[in-house]
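Working notes, structure below.
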Amino acid sequence: MFTLEEIFPEIFEHEGKIFTKNLVPSVKVYGEKLLKIDNVEYRQWDFFRSKLAAAIKNGLNEMPIKQGSTVLYLGAAEGTTLSHVSDIIGKTGIAFGVDISERVMRKFIGMCEQRKNVMPIIEDARKPWTYKAFLEERKIDLLFQDVSQPDQARIFLKNTEYFLKKGSAGMLVVKAKSISQKSDVGSVFGKELGALTDQFKIKQVVNLKPFEKDHVLALCEKL
Amino acid sequence: MEQDIAQMRKALIRRAKKQVQERYSETDVDIIRAISVLGDLDNAFNLLAENAIEWYGGHFPELQSIVRDNEAYLKIVKEFGEKENISEKKLSKLLGETGKEKRIEEKAKSSMGSPVKKNALEELQLLASNALALKAERKKLQEFIEKEMEKLAPNFSKVAGGILGARLMANAGGLKQLAMMPASTMQLLGAEKALFRHLKNKKIKGPKYGFIYGHSFVKQVPGKNKGKAARSIASKLVLAVRADYFGNKKDVSKEMIANLEKRVAKLK
């Protein structure tokens, strides 16, 4: 018998692979596997395509989003990770996907048209004021950031200032190679995460090996 | 509340679609795509030509060492087929006077190549004409790029040359990015791999030029001065592209080219 174990709200595990319930049944977002059990369709969450999935696989011990959560996602790209976030938060949740590149957003907008809880915003994440109005003072449960820019921590803090309240969660993916090609990877992580400690309590740092090279995901809570 | 969200979602999707549309109606997008196709066409042509030459080499092995130019070689294959048909007169008609016609005809008569089967020759000639069609498309595409570059950034494309300018712009990501670029970055566009290798390990020397190496002024100076020439050209290129992007359509390229010519003369 096929059994799925719910490891986090709305995230299921089976034989080392993880799945989310497909919000739009029979539609694939990025070519992932679909699985039907007891008339419920699940989508497999690819560790190599999504850094959040890789972090779950590598022992993330807390998941700040559940059904109905509001998520601000910086660096949405083609929306691979966001599609699963959209599955998790369900019809009552909202996810805002911000990305600067029109090229990748072409695909993302298509997904937004199918998933009613995802909103596309084409703006520079360095300028939170350009999309502040769209969020309409909503309480953001999770600020997720995965951008390949040299000033990752600064972008994260700037958005924190605008959108996070005490107790909200933040997830920051640090890509060492975007910050410096030459310095030691460990010291880059230390420096970037050190910049957060004024504003955040860092709860866990997950290395994304072997799915991503020189990446960590930091889970933190706004102080 | 729920209706609010639905409405906002609609508005956001509309806005994003409009932004995408605007981005793709910018004129640099076409050039960037075209320059990428240009590279692929070159690669495809070389691959096909290599195959065709290898194949025809069994029939007429001596030809390759006489006709070095792939395009001319393929034209001969397409036009004559079997080597016995090659004649001095028709050759000069096909390729213009090259002074090699007589030698080709003589070699064709005394060739050590084996006869070629009729159906194999048909395939081979089809291959040659397809490769030549790619070459023709490439020429047209090159003209398109040069024309569009001239319209988009007249000063920059005059100093850089159309194709080189387009290549630099594609690498930078667009005209705006190019206009914001420091000269030192411009100088090394296209040499990223060598640059990062050097940054990681200082024992390896850093690159002096990337795409700019293909600039006609760099070609004119001897090896030890190529870095200097590249640096001078890069510094003029950033000025030119800024004049195009921020300026009032004034032609500043003549003065720049004159200055560069002086500089190059000193470096020779």
Occluded residues from the stretch B:4-22, i.e. those whose accessible area drops by 40 Å² or more once the chain is not alone (1.4 Å probe): B:Ile5, B:Met8, B:Arg9, B:Leu12, B:Ile13, B:Arg15, B:Ala16, B:Lys17, B:Gln19, B:Val20
Separation of the B:Asn259 and A:Arg126 label points, Cα + 7 Å toward Cβ, nm: 2.8
The stretch B:153-267, accessible area per residue, ligands and nucleic acids excluded (1.4 Å, Å²): 53
Work out Dmax and Rg for the stretch B:13-143 from the C-alpha atoms and quote the Rg first, both in angstrom. 20.5, 73
Ignoring ligands, DNA and RNA, what percent of the 1.4 Å accessible area of chain B is carbon and sulfur? 51
Interface B:A - total buried accessible surface [probe 1.4 Å, Å², rounded to 100]: 1900
Got a number for carbon plus sulfur as a percent of chain A's accessible area, 1.4 Å probe? 48
The summed charge of the A:Asp214 Cβ neighbourhood (under 9 Å; Lys/Arg +1, Asp/Glu -1) stands at +3
Chain B: relative contact order as a whole-number percent, Cα under 8 Å and 6+ apart: 18
Calculate the all-directions average of the projected area of the stretch B:140-268's alpha-carbon convex hull, and give it in nm². 8.0
Taking the Cα atoms only, what angle lies between the long axis of helix A:102-114 and the longest principal axis of chain A, rounded to 10 degrees? 40
Could you work out the relative contact order of chain A, using alpha carbon pairs under 8 angstrom and six or more residues apart, expressed as a whole percent? 17
Strictly greater than 34 Å: what percent of every Cα pair in chain B meets that? 44
For A:Lys17, net neighbour charge (Lys/Arg +1, Asp/Glu -1) across residues whose Cβ lies under 12 Å away: -2
List the trypsin sites (Lys or Arg not before Pro) in the stretch A:1-103 that DSSP assigns to loop (not H, G, I, E or B) and whose Cβ has at most 14 other Cβ atoms within 10 Å. Which are they? A:Lys28, A:Lys33, A:Lys91
Short version: what are the Cα gyration tensor semi-axes of the protein assembly as shown, square root of 5 times each eigenvalue, largest first, in whole Å? 54, 31, 22
Simple spin-label estimate for A:Lys158/B:Lys102, 7 Å along Cα→Cβ, in nm, reads 7.4
Find, among the trypsin sites (Lys or Arg not before Pro) in the stretch B:110-160, those assigned to loop by DSSP (not H, G, I, E, B) with at most 14 other beta-carbon atoms within 10 angstrom. B:Lys117
What pairs from A:Lys51/A:Lys175; B:Lys200/B:Lys224; B:Lys205/B:Lys226; B:Lys176/B:Lys200; B:Lys158/B:Lys226; A:Lys107/A:Lys139 go past 22 Å between their alpha carbons? B:Lys200/B:Lys224; B:Lys176/B:Lys200; A:Lys107/A:Lys139
For the Cα atoms of chain A, what angle does the longest principal axis make with the long axis of helix A:185-194, in degrees from 0 to 90, nearest 10? 80
Just to confirm the filter: which chymotrypsin sites (Phe, Trp or Tyr not before Pro) across the stretch A:1-46 are DSSP coil and have at most 12 other Cβ within 10 angstrom of their Cβ? A:Phe2
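The values are calculated or read from the model by the stated rules, or taken from the named source; none is laboratory data. Just so we're clear, the structure is a prediction, and the values are computed from it rather than from any experiment. Positions of Cβ are backbone-derived with ideal geometry, glycine not excepted, and every protein chain shown enters the neighbour counts. Areas reflect the complete protein model, heavy atoms only, side chains present, ligands, DNA and RNA absent. Shrake-Rupley method; radii C 1.70, N 1.55, O 1.52, S 1.80 Å.
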